[in-house]
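So the structure is just underneath, and the comments pick up after that.
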Amino acid sequence: MADALEELESHALGKRPAAAAAASSSTFASGPAKRARGPSAAQLLAEAELELERSKVDVDVMDANSLKGLILHVEKQINQNTQLRMKYADQPERFMDSELELYQALKGLHAVAAAPELYPVFVKTRCVPSLIGLLAHENVDISSDVLDLMQEMTSAEDATPDDLLVLVDALLEHEAAATLVDHMKRLDEAKEEEAAAVHSTLSIFESVLEARPDAAVALAQSAGLLSWLLQRVRVRGFHAIKLYASELLSMLLQQNASNQAYLGATCDGVIGLLTAVAQYKRKEPQDLEEAELVENLFNALSSALSLEANQVLFLRAEGLELMLLTLKEAKYAARGALRVLDAALVANGANAERFADLRGFKTLFPLLGGAPPPPPSFAKGRGEREAAQRAHDAHVVGILGTLFYQLEGEHRQRLLGLTTLQLIDTLLGFLVTSRAKPLRVGVLQGLYVQGRSLHDVALNLEEYTRLGLSDAASRTDSKRDAHLAKLNEGVRALLLKYQPADAGTTRGEPLEALEDVTQTRGLVGSYEQTVD
């Protein structure tokens, strides 16, 4: 508000009559020749803050009638300021007093955030459209205060879901989202106050999404939020606003096919996300917040790759090459790169063949059974390391399983020719369980909680299969038992083929074994379709 107050002070010098000069001279015992001075910017700011304190005192006694009176006062100040601005557009000194009065009136309206039970009354007064209109006010202090008011109201801790929904629906009905995005485009983040206004705006969007998840499409597409977020996360360097933007971007894309399609078709979003994650190919995050930013960016990219059309765009943008390079660097971002590769290869033969042509096996196989890249120095908790190891193994084996099913001809032979005994062990432990989540949980528990090796789990896979599939179905019927028997039979055949008679005995041919694993996995799939 400092700029507006300084402007007010400068114009006030020429506006005060002679009486003001006399009063000033008597107060300060100065000579009659001294020029009259208006109130200083500090005094005006003190008056505004005093008015705010008075409004806080009124919070305890606010009811529907006092709220209506407060809103009526705000509406009066809005109309008066609008008329004066139109009438004296070239004479700012004629409307600056009304601007200050409007600012003070808006400060008083903040009291409603402490009484969320009055939100339905607030909406019925039709004050929401007036406040949204103020977002386009030429005075940034006024528009920023409206933002603060909206942020306080939408994030009120005492608000019930129903009361908050009334407010959110009113904001959406009057197209507040598009106005908020347009307002953000006017702000300069290099200025601290305006950066705070951007942060408040993003907080409003987050509250709207939490209260009304089905508004994600309208916010992302009609309001233009998705485009703004993509542009913001592409900017180099870390900033709290960039972190917030990445979080909202991940929320808008998660399990939302419409937004995923919009990102790829109209926003160049796949390229934008690749640009954003490329910044961390060789760079480690400096703190937990920056690490969260990296996670959000890779999560958003993984969500976008749920659509085949975006997988094609990913291939054309050389996303596979970027992910493989990131894996080779073995920095924190390598975790996300593995997750993105897992999503990019699913049900996409072209991407799988390109992966083979890029000699991706050479990069991927050393990761099998190994540890993920070490966490940054600020994140060395045991729980985080164990979670990272689980995710690492699941993604590596998921990629291998996808490649095995997608590749054909020469590319398939290249994969099978590189198969090792370690790969066989892991496939036994994971491919058979890939579509039975309770079974996979049992296998992972054997690996990490009980401290067993992959090979030990593979040798006892029949037990895990029986327990996991029994837990997966709440009912027992003859059809389920038949599928379970076939599955156990397939697993038993694999174990007999690979279980050595003594320590020096080698196992069977990898080619034949992998074919058998394929059949076993098919049995799991047919079983799961039955119980679903």
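Overview of values
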read-out	value
Breaking point among (1) open to solvent by 50 Å² or more (accessible area, probe 1.4 Å); (2) more than 23 Å from A64 (Cα to Cα); (3) part of a helix (DSSP H, G or I), for D162	(2)
Close pairs (7 angstrom Cβ cut-off, 6 or more residues apart or separate chains): touching a residue at least 40 places away in the same chain (Cβ under 8 Å) in the stretch 250-273, aromatic (F, W, Y) and buried (at least 24 other Cβ atoms within 10 Å of the Cβ) anywhere	V270/F314
Boolean, I142 is touching a Ser or Thr at 6+ places or on another chain (Cβ under 8 Å) and among the hydrophobic types (A, V, I, L, M, F, W, C)	no
Residues satisfying the stated conditions in the stretch 115-131, i.e. assigned to a helix (DSSP H, G or I) and either open to solvent by 10 Å² or more (accessible area, probe 1.4 Å) or on the phi > 0 side of the Ramachandran plot (or both)	E117, L118, P120, V121, V123, K124, P129, S130
Filter result for A105 (without any contact (Cβ under 8 Å) to a residue 40 or more places away in the chain, under 19 Å from Q77 (Cα atoms) and either small (G, A, S) or open to solvent by 20 Å² or more (accessible area, probe 1.4 Å) (or both))	yes
Residue match in the stretch 359-368 (condition: of a type in the set (G, A, S) and surrounded by fewer than 21 Cβ atoms within 10 Å (Cβ to Cβ))	no
Per-region count, the stretch 132-151, residues farther than 16 Å from A105 by Cβ and open to solvent by 20 Å² or more (accessible area, probe 1.4 Å)	4
Every residue from the stretch 292-334 that is in contact with a helix residue (DSSP H, G or I) (Cβ under 8 Å, 6 or more places away or on another chain) and among the small types (G, A, S)	A300, S302, S303, A304, S306, A309, A317, G319, A333, A334
Meets criteria (buried (at least 23 other Cβ atoms within 10 Å of the Cβ) and either touching a helix residue (DSSP H, G or I) at 6+ places or on another chain (Cβ under 8 Å) or modelled with pLDDT of 95 or more (or both)) for A337	yes
When residues of the stretch 223-273 are limited to those that are among the aliphatic types (A, V, I, L, M), surrounded by fewer than 23 Cβ atoms within 10 Å (Cβ to Cβ) and closer than 23 Å to E318 by Cβ, the one farthest from the chain's Cα centre (by Cα)	A265
All positions within the stretch 303-316 that are open to solvent by 40 Å² or more (accessible area, probe 1.4 Å) and small (G, A, S)	S306, A309
Failed condition for K76, given (1) basic (K, R); (2) closer than 22 Å to L202 by Cα; (3) open to solvent by 50 Å² or more (accessible area, probe 1.4 Å)	(2)
Subset of the stretch 344-356 that is open to solvent by 20 Å² or more (accessible area, probe 1.4 Å) and in contact (Cβ under 8 Å) with a residue 40 or more places away in the chain - its residue that is nearest to A394 (Cα to Cα)	V346
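The values are calculated or read from the model by the stated rules, or taken from the named source; none is laboratory data. Here the structure is a predicted model, which is why all the values come from computation and not from measurement. Virtual Cβ from ideal backbone geometry, glycine too; neighbours counted across all protein chains shown. Side chains are part of the model used for accessible areas, which takes the heavy atoms of the whole protein and leaves out ligands, DNA and RNA. Shrake-Rupley method; radii C 1.70, N 1.55, O 1.52, S 1.80 Å.
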